[in-house]
Every structure is written in structure tokens, then in C-alpha cells.
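*Asks:* Got a structure for you, written out below as C-alpha cells; questions coming shortly.
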Amino acid sequence: MVKNMSTRNFLEEFKFQLFSGTMTNRLVIVNVLVFIFIVLLEAIFRLLKMDGAIIENFCSLIFTLDTNIQEFIFKPWGLFTSILSHFDFWHLLFNMVFLYFSGSYFERLFGAKKLLLTYIFGGLVGGIFEIGAESLFPLLQNTQQLVVGASGSIMALFTALAFYSPNTKINLFGIIPIKIYFIALFFLVQDLIGIGSDDHIAHFAHLGGATFGILSIRNIQSNKNILNRLQKIIEDFKLTFKGKKKTKNTEFSKVKTDEEYNYERKLKQEKTDVILDKIAKSGYESLSKSEKDFLFNQSKNG
């Protein structure tokens, strides 16, 4: 009886985190589920005594990004599926630990929507960088690398944090305080050094993700910011299908005038801007409890 109760509670918690948890937790869960699916798929193929090359080719077809432009044209979905897929357990573990900590911090500051946009577009830009590098540089041409993993997406998140709040400190190995900015620079330099080497690491994907991360955080409070623009495009697109229904519901539920709503929104945005400026100068830990609570509530709404 106790065992069934524990199982039920675990499943309920899992379902809650997947559908209603933080965006960071949901991204981690999706990555883990995709990995489990790949492992089960490989196990089934082995049980059916299928040739190892067939298993490898099938998984590569579905879950990897082919950096050869001629091959990519016939499997463009790899640009997206690759940022949610891992073939190696340790690769998955390292990326998910990194995603959890950097994603949680990013989500507290900027909200779930911006986190998801940065993850997706950071990964996509990283993939495009990798494809472009193979097409442009003779050393990489005709190598036909297969890229898989969320590293580009995570680099986008981590680099964005580092360039937005460079003075934030992380306890390296739990004991050595070091500014997040220096850790990001270390990873960037490591990728620059690794370019052209035979280490089977998609360095250009990392650099592409980092580039998007830096761009995404510029003028984060402005309507011209790339994340704010992407968010507006998506909202406008959704309204083309739900606009009439939303307008109808708003008319019945509206309790404030437009002037009151806009004034309150302006005040909240001004307070948010002040808090974000404080974080950029002194780090997240410099905030008071009330400021952290306010920022958390604002991040849930956008």
C-alpha cells in the first residue's frame, strides 16, 4: 500500500512539473524523456537483432543535425530535434545540471517565456553557425559532422546571464567564489581554442549560442530587444487565431479603465527596470526579499 502511494505521488509530481512546473524544470524533463526514448528505441532494435549501423543511422536521421548543407536540406528538422537530444548519459547529465542552475537564475530574472525563447533560438543559431562554418572554412568542408545536444542553448542562457550580471558570484566546487563573467569567458576561450581540432565537439554551435545570448540581453528593457520582439511576434500570431474570443472575454471581465491599466503597468515596469539595473550592478543577492518576491511574481506573468 505504501509503495503504491509513493508511486502515485511521484507520478503526480512528475505530471505537475511537466505541465505546470517552472520552464526550467519542464525543459530538463523533456530532455530526459527524449534520452529515455532513444535508449528504449536502441534497446528494442538490439532485441530484434537489427544491425548496429541501422540503429545508428535511424537515430542520426531523427535526432541529429547534419552540418553538411546538402544533407541538411533533406532533414531540416534536425536543427530543432538536436537541441533536445543526447546519446550519451554523461553528456546529458552535465548539460542538465548546467541547464537547471543557469535556467533557474535566468527564469527568476526574465521569466519563463524569455527563457524558452533563448533556449530555442540559442540552439537554432548555434546549429546555423555550425552549418555555416562547414560551408565557409576549407578545413571543415566535407567533414559531415553530426551535432546533438543542448550545449548551444545552454551557452546562450549562461552567456546572457554573465554579460547581464557579470558581478554575480558562483561558488566553484562549492568553495571558491568566482564571478560568472570569468566562467563564461573561460568557456568561450576554450571553444575558440578548440576550433579545427579533432575533439568531436561542436565549438561553433557553442559560439553561436553564446552570440545569441549576448544579443538577447542587450537593451532587455527596450521594445527593440530581440527577445521582446520575438515575444511580440508570437503574441501577435496567437491573437490572429484567438483575437475575437479574447476580446469578447475581456469585455466581460474588465474592471479597470485603459488609463488605470496602463498606469499600473508603467509603474510595475519602472520598478522592474530599477531592480534589473540593481542586479546588473551588484548581483541578484543584493536584492531585498521584497524585491526578489516582486521580480518572481513579475517573471511568472511574462
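*Asks:* Can you classify region 2-217 as rounded, prolate or oblate using the Cα gyration tensor, where a ≥ b ≥ c are the square roots of its eigenvalues, rounded means a/c under 1.5, and otherwise it's prolate if a/b beats b/c and oblate if not? Before the final figure, lay out the partial values.
*Replies:* Values: a/c = 1.86, a/b = 1.01, b/c = 1.83.
It is oblate, given that a/c is not under 1.5 and a/b is not larger than b/c.
*Asks:* Another one. Collect residues whose amide H, placed 1.01 Å from N in the peptide plane, falls under 5 Å from the amide H of I170; neighbours closer than 5 in sequence don't count.
*Replies:* I178, K179, I180
*Asks:* Same structure, new question: With θ taken as phi - 60° and the coefficients 6.51, -1.76 and 1.60, list the Karplus ³J(HN,Hα) couplings across region 149-154 in order, rounded to whole Hz; mark glycine and proline as x.
*Replies:* Working through the residues one at a time gives x, 8, 4, x, 5, 5 Hz.
*Asks:* Still on this model: Give the peptides 213-221, 51-59, 131-139 in descending order of average Cβ contacts within 10 Å, highest first. Before the final figure, lay out each step's value.
*Replies:* Values: 213-221: 19.2, 51-59: 12.4, 131-139: 14.7.
Descending packing order for the listed peptides: 213-221, 131-139, 51-59.
*Asks:* List, in order, the whole-Hz ³J(HN,Hα) value for each residue of region 231-240 obtained from phi through the Karplus relation with A = 6.51, B = -1.76, C = 1.60 and θ = phi - 60°; use x for Gly and Pro.
*Replies:* The phi angles translate into 4, 5, 4, 5, 5, 5, 5, 5, 5, 5 Hz.
*Asks:* May I ask for the distance between the Cα centers of region 139-171 and region 17-33, given as a whole number of Å?
*Replies:* Using only Cα atoms, the two centres lie 20 Å from each other.
Every number here is computed from the coordinates shown, using simple stated rules; none is lab data. All values reported here derive from a predicted model rather than from experimental measurement. Please note: Cβ atoms are built from the backbone with ideal geometry, for glycine as well, and neighbour counts cover all protein chains shown.
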